[in-house]
Amino acid sequence: MSTLNVGPVLDGKEQHEAGGGLHQVVNPATGAVIAREACCNSYSIGRIVESSMNAFESPAWRNMAAAGRGNLLLKLADLVEENAGELIRLELLDTGKPATQLKDGEIPLTASIIRFYAGAADKIEGRVKSTTEGGFHLTMYEPYGVVAGILPWNYPLVNAALKVAPAVAAGNAIILKPSVETPLSCVAFARLCREAGFPPGIVNVVLGSGSSAGAALVEHPGVKKISFTGSTGAGQVIQKQAVEQMKTVNLELGGKNAILVFADADLDRAADAAIFSGFVNAGQLCVSCSRLLVEETVAERFESILLEKMKKVIVGKPEAPDTLIGPMITRSQYEIALRYLAEAPGEGCRVLCGGGKLDLPAPHDKGFWLEPTLLSGVKRGMKVAVEEIFGPVLSIMTFKDEAEAVELSNMVIYGLSGSLWTGDGERALRVVNALDTGLIWVNCMFIGYPQIPLPPHKMSGTGVELGFEGLLAYCKRKSTVLGYDRGAPVGWNLK
Ligand code: NAD
């Protein structure tokens, strides 16, 4: 296969030279170079921000009714579906995700996120209060201007839609910055935005590494709001930078989420949910429950149900229709996960299944393949109990009662998501009330997208993404008082 060329997007047009050198993009399933990526230097980032500022101020955008922006998004969702074949091809090459996961999961999710915000664009309502003496008080929502949408590599296309759709529905211009490892679908998505009729410059793309291109974008004074999804460490750096310029940030960061399984749960369904949550996308999912907390009286039985089901989890060639798990997406993440697996037995836990590299025949012998791994007997002090691995590794711990289940779930620094399984409705309510995490699924898993908001707790971030609240995150507030009483005091009486 010939090597692709990919470049940043300025005024809706892809550039082939951006001053920041070339990065080689690798197919994680084979380790082969698939694309040359033209990275941005600060000069080209400046030009891209200028283009976005001009587009935001242009009458074509500023005078467009909210319903008009919604209609463009509807057209974009149709284009995503019409171009699904090409988007799947690029995403599969760039991430090694199974084709069925892309076709049946990520493409429909991308389209539904866009349609949700298309419908919401003209439903942003301010408030009017008559409590002010001699006037009405209006609270209005306005776009920020130019927003930076900084993306991780785990769901490049879905995350691009998750930034672009609410940002433009609210009337902003947006500059996407995908991970340097996974630029292909993001640039293709920006092309579709142009085809859908968004004015040139409303959706631009910066390419390059986080420490250079990402940092330059965050620092640029023309960028008024930052919506970041990625690691907690990078989120902290960005928040500090943003504080200097009083920029608003939305941070969706790491997680070490728990699935809690009580003895009275439907164990068979809970096992399916635990496996899906822990291993879909090779565990590279922020809301994945990578900790499995099981009531000790059923732990042995639950582990044997899991082991039986794990035999049906097929890891392999991304193109094959029965493949459920592909490779790790980046070499560095693969190496990080391997280190955790190498150290885990020394910490005192037991490898129930998996535990290391997966050897596949050529051409996949140089890919980033890991065996899906169940670790049993994990205890509080161990790294695999508290640190985010972001790979196909599920750490199993046991609890003796409800209080300990809650305590174990809350003991990590993160608070992104969680899931609990029980047949006792009152217990479910008590536990939901006690968990310090932003999104909880009770007797279900991963449903509710894109309508349900994801407001991270603790070190998992600040702000909110998804749902209607996720749209308001792209709006700044403005208060206006309309005076109607000519006799109302205006300060000193100077007559
Ligand atoms: P990362 O933090 O390394 O990079 C994310 C993005 O930020 C990339 O585009 C990167 O180039 C950029 N970046 C890095 N440093 C930057 C800086 N100083 N200034 C500006 N941009 C910078 O994360 P990753 O390895 O790509 O993704 C994995 C992480 O993302 C995991 O921790 C995972 O939990 C998290 N994640 C969170 C969510 C969520 O919604 N909470 C969703 C997906 C992934």
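Scan the stretch 148-168 and give yes if some residue there is in a strand (DSSP E or B), modelled with pLDDT of 95 or more and either within 22 Å of Arg62 (Cβ to Cβ) or among the hydroxyl-bearing types (Ser, Thr, Tyr) (or both), otherwise no. Even if it seems obvious, please write down each step before you answer.
First, pick out the residues of the stretch 148-168 that are in a strand (DSSP E or B): 148-150.
Those left that are additionally modelled with pLDDT of 95 or more: 148-150.
If we keep only those that are either within 22 Å of Arg62 (Cβ to Cβ) or among the hydroxyl-bearing types (Ser, Thr, Tyr) (or both) too, we end up with 148-149.
There is at least one residue in the stretch 148-168 that is in a strand (DSSP E or B), modelled with pLDDT of 95 or more and either within 22 Å of Arg62 (Cβ to Cβ) or among the hydroxyl-bearing types (Ser, Thr, Tyr) (or both).
What do you reckon, is Ser227 touching a residue at least 60 places away in the same chain (Cβ under 8 Å), in the same structural domain as Gly470 (by TED's automatic domain parsing) and hydroxyl-bearing (Ser, Thr, Tyr)? Quick ask: steps written out before the conclusion?
Values: touching a residue at least 60 places away in the same chain (Cβ under 8 Å): yes; in the same structural domain as Gly470 (by TED's automatic domain parsing): yes; hydroxyl-bearing (Ser, Thr, Tyr): yes.
For Ser227, the condition - touching a residue at least 60 places away in the same chain (Cβ under 8 Å), in the same structural domain as Gly470 (by TED's automatic domain parsing) and hydroxyl-bearing (Ser, Thr, Tyr) - is met.
Rundown of residues vs (1) away from the ligand (no atom under 16 Å from the Cβ); (2) in a helix (DSSP H, G or I), yes/no style:
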{"residue": "Val249", "(1), (2)": "no, no"}
{"residue": "Ile259", "(1), (2)": "yes, no"}
{"residue": "Ala270", "(1), (2)": "yes, yes"}
{"residue": "Ser277", "(1), (2)": "no, yes"}
{"residue": "Glu300", "(1), (2)": "yes, yes"}
{"residue": "Glu308", "(1), (2)": "yes, yes"}
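Of the numbered criteria (1) within 16 Å of the ligand (Cβ to nearest atom); (2) of a type in the set (A, V, I, L, M, F, W, C); (3) more than 30 Å from Lys379 (Cβ to Cβ), the one Leu253 fails is (3). Look at Val294 and say whether it is crowded, with 17+ Cβ neighbours inside 10 Å, within 13 Å of the ligand (Cβ to nearest atom) and of a type outside the set (Phe, Trp, Tyr). So Val294 fails the test.
Per-residue answers, yes or no, for (1) among the aliphatic types (A, V, I, L, M); (2) over 24 Å from Asn41 (Cα atoms):
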{"position": "Val168", "(1), (2)": "yes, yes"}
{"position": "Gly171", "(1), (2)": "no, yes"}
{"position": "Pro178", "(1), (2)": "no, no"}
{"position": "Ser185", "(1), (2)": "no, no"}
{"position": "Phe189", "(1), (2)": "no, no"}
{"position": "Ala196", "(1), (2)": "yes, yes"}
{"position": "Pro199", "(1), (2)": "no, yes"}
{"position": "Gly214", "(1), (2)": "no, no"}
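Glu181 falls short on exactly one of the conditions (1) more than 15 Å from the ligand (Cβ to nearest atom); (2) in a loop (DSSP other than H, G, I, E, B); (3) surrounded by fewer than 24 Cβ atoms within 10 Å (Cβ to Cβ), and that condition is (1). Taking the criterion of being touching a strand residue (DSSP E or B) at 6+ places or on another chain (Cβ under 6 Å), within 30 Å of Glu335 (Cβ to Cβ) and crowded, with 21+ Cβ neighbours inside 10 Å, the residues of the stretch 39-65 that qualify are Cys39, Cys40. The residues of the stretch 311-334 that are assigned to a helix (DSSP H, G or I) and surrounded by fewer than 19 Cβ atoms within 10 Å (Cβ to Cβ), listed by number, are Arg331, Ser332.
Among the residues of the stretch 405-418, those identified as more than 16 Å from the ligand (Cβ to nearest atom) and either crowded, with 18+ Cβ neighbours inside 10 Å or aliphatic (A, V, I, L, M) (or both) are Ala405, Val406, Leu408, Ser409, Met411.
Here's the yes/no breakdown for (1) surrounded by 16 or more Cβ atoms within 10 Å (Cβ to Cβ); (2) more than 17 Å from the chain's Cα centre (by Cα):
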| residue | (1), (2) |
| --- | --- |
| Thr229 | yes, no |
| Ile238 | yes, no |
| Glu244 | no, yes |
| Leu251 | yes, no |
| Asn257 | yes, no |
| Leu260 | yes, yes |
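If the condition is being surrounded by 11 or more Cβ atoms within 10 Å (Cβ to Cβ) and either within 16 Å of the ligand (Cβ to nearest atom) or of a type in the set (Asp, Glu) (or both), then the stretch 472-495 contributes Ala473, Tyr474. Look at the stretch 241-252: where a residue is more than 20 Å from Leu151 (Cα to Cα), no partner that is surrounded by 20 or more Cβ atoms within 10 Å (Cβ to Cβ) and modelled with pLDDT under 95 sits 6+ places away or on another chain with Cβ atoms under 7 Å.
Need the failing condition index for Ser112 against (1) without any contact (Cβ under 8 Å) to a residue 60 or more places away in the chain; (2) surrounded by fewer than 20 Cβ atoms within 10 Å (Cβ to Cβ); (3) more than 21 Å from Val180 (Cα to Cα), just the number. Ser112 satisfies every listed condition except (1).
Of all residue pairs spaced 6 or more apart or on separate chains, those with beta-carbon atoms under 8 Å, a first member in the stretch 287-306 that is in the same structural domain as Ala274 (by TED's automatic domain parsing) and a second member that is assigned to a helix (DSSP H, G or I) and surrounded by fewer than 17 Cβ atoms within 10 Å (Cβ to Cβ) are Ile305/Asp268. Of the residues making up the stretch 321-351, those that are aliphatic (A, V, I, L, M) and either within 27 Å of the chain's Cα centre (by Cα) or under 26 Å from Thr100 (Cβ atoms) (or both) are Leu324, Ile325, Met328, Ile329, Ile336, Ala337, Leu338, Leu341.
Could you pull out every one of the helices (runs of 4 or more DSSP H) wholly within the stretch 1-107 that has 1 or more residues that are closer than 26 Å to Gln284 by Cβ, among the β-branched types (Val, Ile, Thr) and modelled with pLDDT of 95 or more?
Helices (runs of 4 or more DSSP H) meeting the threshold: 66-82, 84-95.
Ser288 passes every criterion in (1) within 14 Å of the ligand (Cβ to nearest atom); (2) in a loop (DSSP other than H, G, I, E, B); (3) surrounded by fewer than 24 Cβ atoms within 10 Å (Cβ to Cβ) apart from (3). Here the stretch 197-221 is the region considered, the condition is being in a loop (DSSP other than H, G, I, E, B) and touching a Ser or Thr at 6+ places or on another chain (Cβ under 7 Å), and the residue that is farthest from the ligand (Cβ to nearest atom) is Pro199.
Pairing residues of the stretch 460-477 that are closer than 18 Å to Gly415 by Cα and at pLDDT 95 or above with residues that are within 11 Å of the ligand (Cβ to nearest atom) and of a type in the set (Phe, Trp, Tyr), at Cβ distances under 6 Å and at least 6 apart in sequence or on separate chains, gives Ser460/Tyr414. For the stretch 335-379, give me each residue that is outside any strand (DSSP E or B) and among the small types (Gly, Ala, Ser). If the condition is that a residue be outside any strand (DSSP E or B) and among the small types (Gly, Ala, Ser), then Ala337, Ala342, Ala344, Gly346, Gly348, Gly354, Gly355, Gly356, Ala362, Gly367, Gly377 are the ones that fit.
Residues considered: Ala265, Ala190. Of these, the only one that is surrounded by 21 or more Cβ atoms within 10 Å (Cβ to Cβ), over 19 Å from the mean Cα position of the chain (by Cα) and not in a strand (DSSP E or B) is Ala265.
The values are calculated or read from the model by the stated rules, or taken from the named source; none is laboratory data. What you are looking at is a predicted structure, and each value in this text was computed from that prediction instead of being measured. Don't worry about glycine lacking a Cβ; one is built from the backbone with ideal geometry, like all the others, and counts go over all protein chains shown.
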